[in-house]
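The next block holds one structure in the form of C-alpha cells; read it before the comments.
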Amino acid sequence: SNGQKLSIDDIYLSIDAKNEKITQVLTKIERKTPFEFSYFGTITNKSQRVTFSANNLSLREVLEQISLQTGFGFKRVNDNIFVDRLDQKEPSVDDEWAGQEKVTVSGIVTSAEDQVPLPGVSIIVKGTSLGTITDVNGKYMLTVEEGDVLKFSYVGFQDQEVTVADQTVINITLETDFEQLEEIVVVGYGEQKKSLVTGAISSIKASELSSVSNTRVEQALQGRTAGVSVLPNSGSPGSGMKVRIRGTGSNQGSDPLYIIDGVRAGSMEYLSPTEIESIEVLKDAASAAIYGAEGANGVVIITTKTGKANDPKINYSFQYGQQSIGDNIEMMNAQQYQQYLEEANVPIRPTIDDVQGISGTNWFDEVFENAPQQRHSLTFSGGNDNSTYLVSGSYFAQEGIAGGDKSKFERFTVRVNSDHKIKPWLKIGERFSYSHFDRSGIAEDDEFGSVINNTLAFDPVTPVAYTDGLPAHVEAALAAGHPLVKNSAGYYYGISKYLTGEYGNPLARLDLEKGNTVQNKIVGNFYAELEPVKGLKVTSRFGIDASFLREHDWTPTYWFSSERLNTVANGSDKQENAFSWQWENFVTYQKSFQDHSFTFLAGMSAVKWLYNDINGSYSGLFKEDEKFSYGNYVPDDQDRIGSYSDTKTLSSYFGRVSYDYKGKYLFNATVRRDGSSLLSPGNQWGTFPSVSAGWVLSNESFYPVSVSNVMSHVKLRASWGQNGNLANLSIGQWLAGISTEGIRYPNSAGNYLVGASLTSLSNPDLRWETSEQIDVGVELGFFNDQLNVVVDYFEKTTKDLITTGTAPLFAGKELPFINGGDVQNKGWEFEVSYRNSATKSFSYEIAANYTAIKNEVTYLDPNVNRITGSGVGTGWTATMFEEGYPIWYFSGYKTDGIFQNQEEIDAYLTSTGITGYSPSPGDPVVVDVNKDQQISIADQTYIGSPHPDSYYGIRANVNFKGFDFLVFLQGQIGNDILMGFNRTDRPTANKPLFFYEDRWTGEGSTNSWFAPDGENPYIYNSDLMVFKGSYARVRQLQLGYTLPSEFTERLKLKNARVYVTLDNYFTFTDYPGLDPESGSGDNNSLGIDRGVYPVPRTILGGISVTF
Amino acid sequence: CGDSFLEQPIPGKYPEEDFYKTDEDVLLAVTNIYDLMSAQYYKDWNSMVIVKMLLSDNCNAGGSGFGDQPGYQALDDFNTDAANDKVRAAWKQCYEAIYDANKVVNNVQGETALRKRLIAEAKVLRAFNYFDLVVFWGEVPLITQEVDPADYTKTTRAPKADSYALIEKDLQEAISDLPLKSAYGEDEKFRVAKGTAQALLGKVYLYQEKWANAAEQFEEVINSGEYSLESSVAEVFSKAGEFGAESLFELSFTSAEAYDWGNFPWDTKPESNIHIQLIGPRSDFYVKAPADSLIGGWGFITPKESLYNAYVAAGDESRRKSIVMSETELKDAGGNWTNTEAHDYEGFFQRKYGTFAGLSGDPVTELNYGTNFRILRYADVLLMAAEANYEAGNEGIAQGYLNQVRSRPGTGLPDVMASGNDLFEAIVTERQLELAFEGVRFLDLVRWGRAVQELGSLGFVAGKHELLPIPADEVNVAGLSQNAGY
C-alpha cells in the first residue's frame, strides 16, 4: 500500500448529526478516522448537542462546524485531537502536524538463519503502546509516523529497531539470537531467565550443532564452552568420549550426569547431534546440586527439538564426507631399521643384504585409507496453538580410516516429540526415541599386539604379502602345518622374521577382525503438567531407557608366530539388557508481589536400574565363515556360558527456592536428599545442599548512565554447594560375602574341586563421595551487550573419595572400596564473545573460551599411601594416585642427560656411590632419586602429568550476503603424553623415525636422546618417553551459502543452505606420536599412547533444505 | 519411596556368618587355601616359586633382556628394593592364604572327623606360609584373627620366636589330626598328610638349628613307610611323578583347560602353570633337537655355568642330564641355539621344570602346561634328615640318608663315606645338585652362612640380602619397620 501523509485536510468523511450529544458525534468520527479525541478537564458540558450534515467534507471542515456550534476548540497533535472549551466566536481547529506525517508501512519478517517467515513477531512503535504482530506468513502492516522507531522482537531472535523514514516496505530479517536464546536457561526441573541465574551454566544451541560432522553429542561439546574438556577414547568410529567438567574429580569414573529431556541417560551414542535443540552444562555445585547424587562431576542437560505452533516445516539435511589420516607418524624404513637394530646389537635383526635396495613397507600407508561417512536427517514439525509435534529420523554411517568396514559405525534414529494443551490447566506430552546402531571396532590402545600398535611396531622389511615366491621361514611355517593368512588375491600375508611374539602383520590382523556390536534402544518419557492455580504447576514425568545390546565375535584360525596364533576357530556372543525407569513428581510455584519474585520447587524422584547379561564362548567352528560362527553349530564340549543380573535403585527428594528483587538481588538455595541401594543400610542417605546469590549491579538506580553506555550489563555471582557421587561403585561392594567365583583347584586325579572364600574385606561404613565447590563469577556486557565477558573462579574438592582401599597386605584380603581421599580441582574460566550489530548485511561473531585448571590429590587416607595404576609393557607400573600430585600422574625413572663416555660413567658412579648399575656411553644418566645408592624400581618418581594446565576454544563466524564462514579451533596446553607403545621385551619392534635420527652416535653427538636401544627400562620406563602433549586443532573450517529467498521461493522452499567443511584438518602439536589426543578408555591410563586409533580428518559437503 | 525400595539383593555373595557350618562349607574353604597357594600367576607375574629360584646361584633371570620383567631381573641381580612388585606379590600371597586358613581355624570347631582333619590341613597351610614369611622377611606381623581396621597402623612385626612358636604349634596339632598319605584316596593326594606336617616341622626345627627335634620329625616321615624315592629325578618331575611316591606337597595345575591366545585368563588366575612356558628356552633363538621334546619358551631362569660345572665336578652326569642341558648337547642332538649374546645366557638350558611338549595340552602348548610345582619331596626330607643327624652328631645315620639319595638308580653315584666337615660338604653339594631350581638353595646358603661366599659376586651384600625388603606399602601405610639395608 501507499504511504499517505495524514492531515485533517486530507481525510474526508460523510456524517450526519441530528441533535446528538457531542461525545456521540466525536465517537463516530473516531470510528471513521485514525484519530482519537481527548477532552481537557475544563470541559464542563459534554452533553451539548449538535446538528449538522456533512457529505464528503474534510475533517477540518467537519470540526469547524462543530466548533462553531459549541464554542469548543480542536487542536490536533499527531493521532490525538484535543478538545477544549474556548468560548470563542470563531471556529478554532488547529492542525499541528509539524511534519510528522502518517505512513502505512508493511513488510515481511523472516529468520536470518533459514529465511523462513516468522509468524507472531511483535512490532511496537517505541515509546508507545502502538503495535501489531506478524501473521502466519510473517507479514505485517502498521500505520506510523515518519521518524517513529519500530522495534521487532521475537523469542529466540535478536531485537531489531528500524527508524521509519519515507519507505513504505520494511522487510526485516531477524538474526537468531544466541545471547537472547539464553535468556531462558534450562536448569534442573525447570527453566530460568539467564539474567536471574546465579550459578555457572553454559549453553550450546542447535545452530552450533547443525552442521557438525561428529558422530556423538559429547564430541560436539569439545571446545565450545569453558570448563568442559572432551577427550576421545579413540578416533575410531563410534568410540566413547571422556568428558570432564572442571577437571577430573575422582580416580575412576568422573563422567558428568547426562539428563536428556529431564531423564537420566545411560549413554549418549543413541543421540544424533541433529536432534538437539540445546545443551546446558551445569558446572558449579549450586547448579548441579538439584541433582544431588551423581551431580558431583557436573551435569549436562540436553533438550531435544520440538515443533513450533503454526509453523509447519519439513527439513532435510544431508552430509557426505571423506575421512583420512592426518599427519602420519614417520617410522624407520627398512634401511634405518636394519642400522638401528645393528647399532643396538639386537640379537635378531636383518643384515645389510636383507635390506639392500629396498625402503621396505610403510605400514601406515598400507593400513590407513580414505573412508566415507554420511548422514541424512529428515524432520517434520509443526502444530497449532494446542498441539505441537516433531517427527524426525536420521541415518549415519561412518567407515574407519583403518580397516574400512572393519571399524565402522552405523546408526538409525527415530524420534517423536509432541506436546498437547488439553485443557487450559493441563498439558501433556512425550519425548520418544528409538535408535539402532551397529559398530565394529578393531583392537587398539594395547601395547600387546593391537592392530594399531602392530602398525607402529611391525618391521618394514617384511612385505605386505608374498606375490613372488615364499621365503624359507614362511615355507617352514607352512610345512609345520600352520594356518597362514592369505589376502583376498590369494597371496600369503608377510610373516616377520624379526618381530614375533604377540605381533602380526597388521593387514592380516585387520582381515581377521570379525566382531561387531549391535544395540537397539528405546528412550522416552511421558509427562503431564497441571496448572490448577495460576503460578502453580504440578509435573509428573515417567521415563524409560531400555537398551538391548548384542556383541558377536569370531576368530578364524591363523598363525603369525608361536605366540600369536589360533588353532581352532572360535566365537563368542554376549547379550546385554539394560532397562531403567525413572519417575519424578515435582511442584513449582511462582509468586511475585511488588518487586519480589519467588519460585519454589519441591519434588521427588525414584530410579530403578535393571541389568542382565548372558555371554558365551565356543570353539571348533565347522567352517570358518560368519554363517558358522554361532554356538549352535559347534560340538558342545568347548562351550562356556556366563550370566549376570542386578538391580539398583535411587530415591530422592529435592527442593529449591529462587528469589529476586527487582532483578537486582538474586538468591537461590537447593537441597537434595538421595538414598542409594549401593550403600549399606544406615549409610544409604546423603544430603546435598547449595546456596548461591547474584547481584545485577547494572540494574541499580545509581548505576551511572555514563558507565552503562559502555558497560551495559554487570552481574556478580557466588555459589557454594555439595554433590554426591557413587559412580565408582557397583552393587554390594561394601559387603564381603562368600563366593565360589573362579575358585577351582585340580585335585590329584585331575578333577576340579570347587573352593569358596570371602570375596574381600568388608567396609560397611562406606558412604557417599561428596564434591564440594565454591564458584565466584562475574558477567559483563559491553556496548549494548555486543561484547560479553564471563569470568569464573572455582574450587572443587572431591571429599571422601571412593577409592580402591589398600588395607595393609597382612590384613589378608583387598579392601575394595573406601572413602579414602580428597581431590581438588581449582581454576579460572573465561568466556568472551563479540558480535557486530546484526542489522548490517555483514555480520560476524567471535567467541573464545579459556580454562586454566590445576588438579591435585590433596589428601589420601594414611591407610592408602598411594594407589598403583596402569601398567605399561612388562613389569612397569606407569601411573600412580598419590597425595600432593595430580590424579594418575606418570611415574618412572628420571634421567639427566646421556652418558657421553666411560669417564663420565665412572665419575657418576663414584660421586653417587651407586652400585649394581653399569650403563654404557649413550645410555641415559638415571637419577638415584631415593639416594639408596642403587638404581631400582623405588627410584621411579613423578615424570609428568596427563592433565592440561589449560584448554581453550575459539570460534569465529562471518556472514555476508548469504555466505557464512566458520573457523573453530580447540586446543589444550601443558599436558604430557607417555609414549607407551614401545616394549622393553620386544627390541625388534620398529620405532618412530626420530629414534633413529636423534640417536646418540658417539661422544658429543647429543645429550638428549639415547644410543640405539630396544630394551633398556631406564629408557623406556623413563621420562625420555614423556612428551609435551599440547595441541591446537582446527576442529572446523566451514563455508556455507544460503540461497537467496527469491530463488528459494520459486522452488517453494523456505530455506536452503549448502556448505563445505574441513573437520579436524589441521593440527599443531610438538607430540611426535600419531595423535596428541591419544586417549584411553581406562581412567588410570589417561595420556598413555599405546597405539591409539587417530582422530581422522574429514572433508565434508552438506545441504540443508527446509520446505 | 521408602527404604524398602533401596533394599536390593546383592548377587553372588553368601553371608560369612552363615558359612563354615557344614562339612561341605569347610571343604570349600580349605580347597580355597590350596588354590590360593597355587595362584603363582595372579593377574601378573608374581610367583613365590620363581622368586626363590632367582635368589639362588642356580640361574639367571633371563627373558628378552633386562627390561623384561624388571622385578625379576632385580631379584636376580640383588638390586631389589621395597617397591619390587614380585616381592610385594609374594608377601601378599602368603598373607592371603593365612587369612583364609585363619577363617577355617577360627570358625570351625572340629565337630566331625572330617572337619577336624580340615582344620589340621588349614593349620599346616598356615604354617607353610608363615615359614616362608619368617625365612624371607624375618620378623613379620603375626596375624591369627581378622585385623580390625583400627589396628592397620598399630600392628607391628612379631619376634621370629613368636612366629616359630605358632608354626610349631600348628604343625604339632595338625600331626595328630592328619591321616597318613596312604589313607587319602588317589584323588586326595594333593592334601597335606601327617608326613607333610612332620617334614615341615622338621624343616622348621632345622632352620632353627634344633637338630635333634628336626631329626626326630624327619625320621617319623622316613619310618612311616609312606614315602620312597622315585627311580630318577626325571621321574619325579615327569607327569607320572606328580603326587607320586616322593611327593609330600605339590601345587596342582592342569593341562585340561584348552587355553588359547584368545581365552587365556591373563587378568585372573589360570589353572595351567604358565611359569613353565616362562622358564623354557627362549624360542627366538632355540631350535629343538628332533628327538627331544623340550620345546621353546620365554627364556627365563637360564642355568648358570657354575651349576653345570658343579655337576661335572661331582661326576654327576646322569642326574645332571635331567636338570641342565648344554648348548653343545643341544647341537649334537641336531638342535640349535642362534644367539650366544642372548640376555643372561651362559650356554645352558633347564630341564627339571622343562617345557616338554607332552606336559602341556591342546590347543596351544605354550598356555597349557599342567606341571605341578613340587614344594616338598622325599629326597629333600632325606637330605635334611642327613643334615640334622650330622649336626646332632649321628654321622652314620647322616651318611645313610645321604647315600639313599645318591644311590637312587637314576643317580647312581658312589656312596659318601666321608665324615666330619667333608660329610657336611657332601650334604651341601648333594642338596645343590639334587634340589636345583626347587627354591631351597638360597635359603640353605643363608642358613649355612655361605651366602656371601657363593652369591657375593652376584651382588649379595651380607647383612642386607639375607632378607627381602618389607614391601613399601607395608612400611608406608602400616608403618612396619624396614629390614636392614633397604
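The values are calculated or read from the model by the stated rules, or taken from the named source; none is laboratory data. Every value quoted in this text rests on a predicted model; they were computed, and no experiment measured them. Ideal geometry is used to build each Cβ from the backbone, glycine not excepted, and the neighbour counts take in all protein chains shown. Please note that ligands, DNA and RNA were not included when accessible areas were found on the heavy atoms of the full protein model with its side chains. Shrake-Rupley method; radii C 1.70, N 1.55, O 1.52, S 1.80 Å.
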Rg and Dmax [Cα atoms of the protein assembly as shown; Å; Rg one decimal, Dmax integer]: 41.6, 163
Heavy atoms of the protein only, probe of 1.4 Å, neighbouring chains included. What is the accessible area of A:ILE172 in Å², nearest 10? 10
Those lysines that a straight Cα-Cα span of less than 17 Å connects to A:LYS32, excepting residues fewer than 8 apart in one chain: A:LYS5, A:LYS102
Given pairs A:LYS313/A:LYS1054; A:LYS796/A:LYS854; B:LYS239/B:LYS331; A:LYS242/B:LYS43; A:LYS664/A:LYS715 and cut-off 19 Å on Cα-Cα distance, the over-length ones are B:LYS239/B:LYS331; A:LYS242/B:LYS43
The range A:798-941: mean projected area of Cα convex hull, nm²: 16.0
Can you tell me the accessible area per residue over the range B:329-486, all protein chains present, probe 1.4 angstrom, in square angstrom? 33
Computed E for B:GLU317/B:SER224 - FRET, C-beta separation, R0 30 angstrom, nearest 0.05: 0.35
Just to confirm the filter: which GluC sites (Glu not before Pro) across the range B:173-233 are DSSP coil and have at most 15 other Cβ within 10 angstrom of their Cβ? B:GLU209
Please state the relative contact order of the range A:911-965 as a whole percent: Cα pairs under 8 Å, 6+ residues apart? 24
Sulfur and carbon atoms: percent of accessible area, chain A [1.4 Å]: 52
Run the helix sum for chain A: -39,500 (n - 2.57) per DSSP H stretch of 4+ residues, divided by residue count, reported at 222 nm to the nearest 500 deg cm²/dmol. -2500 deg cm²/dmol
Modelling each spin label as a point 7 Å along the Cα-to-Cβ direction, I'd like the B:ASN107/B:GLU17 distance in nm, to one decimal. 1.3
Going by Cα centres, the range A:219-264 and the range A:462-480 are how many Å apart? 47
Considering protein heavy atoms only and a 1.4 Å probe radius, which residues within the range A:863-878 exhibit an accessible-area decrease of no less than 30 Å² in the full assembly relative to the chain by itself? A:ASN863, A:ASN865, A:THR874, A:GLY875
The percentage of the accessible area of chain B (probe 1.4 Å, all protein chains present) made up of carbon and sulfur atoms, to the nearest whole number, is 48
Lysines near B:LYS123 by alpha-carbon distance under 19 Å, same-chain residues fewer than 8 away left out - which ones? A:LYS813, B:LYS21, B:LYS92, B:LYS103, B:LYS160, B:LYS169, B:LYS181, B:LYS189, B:LYS194, B:LYS203
Which pairs in the list A:LYS193/A:LYS591; B:LYS304/B:LYS464; B:LYS288/B:LYS352; A:LYS193/A:LYS662 are over 18 Å apart, alpha-carbon to alpha-carbon? B:LYS304/B:LYS464
Leaving ligands and nucleic acids out of the surface, order B:TRP337, A:TRP720 by accessible area at 1.4 Å, largest first. A:TRP720, B:TRP337
Going by average Cβ neighbours within 10 Å, how do the peptides A:1082-1090, A:524-532 rank, with the highest at the top? A:1082-1090, A:524-532
Is any residue of the range B:1-33 close enough, with backbone N under 15 Å, to a label point placed 7 angstrom from the Cα of A:TRP581 along the Cα-Cβ axis, and if so, which? B:1, B:5
To the nearest 0.05, how large is the calculated FRET efficiency for B:ILE10 and A:ASP385 if R₀ is 56 Å and r is the Cβ-Cβ distance? 0.60
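For Cα pairs less than 8 Å apart in space and 6+ apart in sequence, what is the mean separation divided by the residue count of chain B, i.e. the relative contact order in percent?
Once normalised by length, the contact order is 20 percent.
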With θ set to phi - 60° and the Karplus curve 6.51 cos²θ - 1.76 cosθ + 1.60, what are the ³J(HN,Hα) couplings of the range A:607-619 in order, to the nearest whole Hz, using x for Gly and Pro? 10, 10, 10, 10, 9, 8, 9, 9, 9, x, 9, 7, 9
In nm, give the distance between the simple-model label positions of A:SER122 and B:ALA212, each being 7 Å from the Cα along the Cα-to-Cβ direction. 11.0
How many nm is it between the label spots at A:ASP932 and A:VAL958, if each spot is 7 Å from the Cα in line with the beta carbon? 6.3
Losing no less than 40 Å² of accessible area (probe 1.4 Å) relative to the isolated chain, the residues of the range B:32-77 are B:ASN32, B:ASP35, B:SER64, B:PHE66, B:GLY67, B:PRO70
So for the range B:35-118, averaging the separation of alpha carbon pairs under 8 Å that are six or more residues apart and normalising by length, what relative contact order in percent results? 28
Ignoring ligands, DNA and RNA, the residues of the range A:989-1015 whose accessible area with a 1.4 Å probe is reduced by 20 Å² or more relative to the chain alone are A:GLU1015
P(r) of the range B:301-364 over all Cα-Cα pairs, binned every 10 Å from zero, in whole percent: 19, 48, 28, 4, 0
For A:LYS514, give me every one of the aspartates and glutamates with a C-alpha distance below 14 angstrom, ignoring sequence neighbours fewer than eight places off in its own chain. A:ASP405, A:ASP438, A:GLU551, A:ASP553, A:ASP573, A:GLU624, A:ASP625, A:GLU626
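Just in the range A:505-611: which trypsin sites (Lys or Arg not before Pro) are loop by DSSP and have at most 13 other Cβ atoms within 10 Å?
A:LYS534
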The range A:584-591 - phi-based ³J(HN,Hα) in whole Hz, Karplus 6.51/-1.76/1.60, Gly and Pro as x: 10, 10, 8, 10, 10, 9, 10, 8
For the interface of chains A and B, what total accessible area is buried with a 1.4 Å probe, rounded to the nearest 100 Å²? 7100
If you count only protein heavy atoms and use a 1.4 Å probe, how large is the accessible surface of A:LYS486, to the nearest 10 Å²? 100
As a test of the formula, what do you get for chain B when each DSSP H run with n ≥ 4 contributes -39,500 (n - 2.57) and the sum is divided by the residue count, at 222 nm and rounded to the nearest 500 deg cm²/dmol? -13000 deg cm²/dmol
In Å², nearest 10: area of B:ILE175 left accessible to a 1.4 Å probe: 30
